[in-house]
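Please treat every number below as a calculation from the coordinates, not as lab data. These numbers come from a predicted model, not from an experiment. Glycine gets a Cβ as well: all are built from the backbone with ideal geometry, and neighbour counts include every protein chain shown.
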Amino acid sequence: MTTRQLPVAEGLFTWPPSESEPLRLIGSECTACGLVSFPAASDCVRCASDESKIRLLADRGTLWTYTTQNFRPPSPPYDGPETFEPYSVGYVELAGELLVEARLTEPDPEKLRIGQAMRLTLVPYAVRDDGTEVMTFAFAPVEESIPVEELAQTEPVEEAS
Amino acid sequence: MTEAVIIGVGLHPFGRFPGKPAMDMGADAVRLALADAGVTWPQIQGGYVGSFEVANPDAIVGKLGLTGVPLRGVFNGCATAGTAVALAARAIETGEHDLTIAIGLDKHPRGAFAADPSVAGIPSWYGQTGLFLTTHFFGMKINRYMHDHGISHETLARVASKNFRNAAGNEKAWRRTPLTPEEVLASPVLNYPLRQYMYCGPDEGAAALVLCRADQAHKYTSTPVRIRSTSLRSRRLGAFEVQSPSFPVGEPVESPTVDASREAYERAGIGPEDVDVAQLQDTDAGSEIIHMAENGLCKDGEQERLIAEGATEIGGRLPVNTDGGLLGNGEPIGASGLRQIHEIVLQLRGTAGTRQIPGTPRVGYTHLYGAPGVSAVTILST
């Protein structure tokens, strides 16, 4: 049985990731001053230009800082599972682009360190009543990252049935 | 330009007051401030009132007296009180009024602040996936700071322990049970490296200040406290700030605290070396440490030694958060910064009781910081 998966939002990352269109975060680049933004922004917060183009961001970076989430966040807005498992959050520096905030796949702060190499992946942060996994982006320490082939074994869907 | 001075302060205790509306706490604080100043409500010519939970805090006129006074509502997150006092002072400085009031009141439900990210202009997925928590930012900022500047976990615990100890000596504080650094370090981690007893909590309370023209202060008090400067600054591009799904690479940009602090010192003609007592936003123990440096009161990394030496204790060289700060008082957002100024006024008058710092303090400093990356600084002197 295959697991149905949905992205948490459209336009946040390439979906479904494939060999021809691998997983990337979808950012934007101001056509006037070159500022890179994530999530993609139509207006530039540096030069106030309203012209931008889509830019797929680097899928590797280094961990700039991190913390953990050891209690279930207020819900709403959080819509993860009732049975809470602590997770980590960090900022990953994508060289020459930006620092992006994301969940980290490693929940143990003792196994994280500032400066370590990280790689973009997806995690099922929530599961709907019908079993559909809701996917969001995350960064994994490079040595523990989930191979892309493993992600490709699941069957993405456009809408939950 | 006419200078504004504080002639009266009033504080409703901070904590939990089941069944008591925020508006009633606000009215109590105002009456205390009026009595302290020796004036009556009909004499107040204008004012500013801030609250997060109360949508129309200006309705407080219904409890104080329907005099037709222009009372304007203000809000800037955790820096709300900075705006209320700045505008109440500005109304005097510009000659609009001779006698004004700044009021703050709030009554928050228990637990971490919850809101939809849309209130901060951020897409829904940021909240759905568990990223929209200000506490993440505080954990991540101090984690990076500890890495860069050699601050230890023990120093975080010492700050929390100091503020709870100061609160124990403050009958209007909320968390009045002293905790040793060891007890703080034994509490569970909420957001690494920050633990349960290193965080302030949202609670309830109110505070008010009565201001007048400096040249009329003698009519009301022999101990006016001068408002030397106020400043409020928002985040600039490139600063590492709360509620940011991303921020640009490149040279680090300083926080709005640094910008507000520098502006306030410059406007006051007062330097960090002149500050005798400071109230710094201690949303968490790490914030107090970082804010010592961001407000120019020490260099990055010096906190490790200063705090070990007791420099920020009531009897130390630079007392910080003498009334227990946010850790000891909690944070009713609209009132929090006015509570800070209330404490500075008591310290400068020499009437802070068991919390009184030694000597003759002349200059007091207050600092607020919060979402969405905004900071307010007020510098006061005798």
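As a proxy for reagent exposure, ranking A:Ser18, B:Ser287 by other Cβ atoms within 10 Å from fewest up yields A:Ser18, B:Ser287. Computing Rg and the Kirkwood Rh from the Cα coordinates of the range A:59-151 gives a ratio, Rg/Rh, of 0.98. Applying 1/(1 + (r/R0)^6) with r as the Cβ-Cβ distance of B:His218 and A:Asp130 and R0 = 56 angstrom yields a FRET efficiency of 0.15. For chain B, the convex hull spanned by the alpha carbon atoms encloses 130 Å³ per residue. Taking DSSP loops as anything outside H, G, I, E and B, show the longest stretch in chain B free of GluC sites (Glu not before Pro) there with at most 12 other beta carbons within 10 Å. With GluC sites (Glu not before Pro) excluded where exposed in loops, chain B gives B:172-382 as its longest stretch. When the convex hull of its Cα atoms is viewed from all sides, the range B:208-285 shows a mean projected area of 8.1 nm². The count of lysine pairs in the protein assembly as shown that are at least 8 places apart or cross chains, and whose C-alpha atoms lie under 25 Å apart, stands at 11. The radius of gyration of the Cα set in the range B:90-157, together with its Dmax, comes out at 19.8, 51 angstrom.
Based on every Cα atom in chain A, Rg and the maximum pairwise Cα distance Dmax equal 16.4, 51 Å. For chain B, the longest principal axis of the alpha carbon atoms and the long axis of helix B:134-149 meet at an angle near 60°.
Over the residues of chain B, the helix contribution to mean residue ellipticity at 222 nm works out to -10000 deg cm²/dmol, using -39500 (n - 2.57) for each DSSP H run of at least 4. In the protein assembly as shown, the C-alpha radius of gyration followed by the widest Cα-Cα span (Dmax) gives 24.6, 84 angstrom. Hey, what D do you get for the range A:5-72 in µm²/s if you plug the Kirkwood alpha-carbon radius into Stokes-Einstein at 4 °C and 1.567 mPa s? Roughly 93 µm²/s, to the nearest whole number.
Name the longest site-free stretch of chain B, where the excluded sites are trypsin sites (Lys or Arg not before Pro) in a DSSP loop with no more than 11 other beta-carbon atoms within 10 Å. It runs B:111-298. What is the mean number of Cβ atoms from other protein chains located within 10 Å of the Cβ atom of each residue in peptide B:118-129, rounded to a whole number? Averaged over the peptide's residues, the number is 6.
Listing B:Ile103, B:Ile92 from fewest to most neighbouring C-beta atoms within 10 Å gives B:Ile92, B:Ile103. Projecting the Cα atoms of A:Pro81, A:Thr136, A:Ile114 onto the dipole axis of the range A:59-151, where Lys and Arg carry +1 and Asp and Glu carry -1 at the beta carbon, places A:Ile114 farthest toward the positive end.
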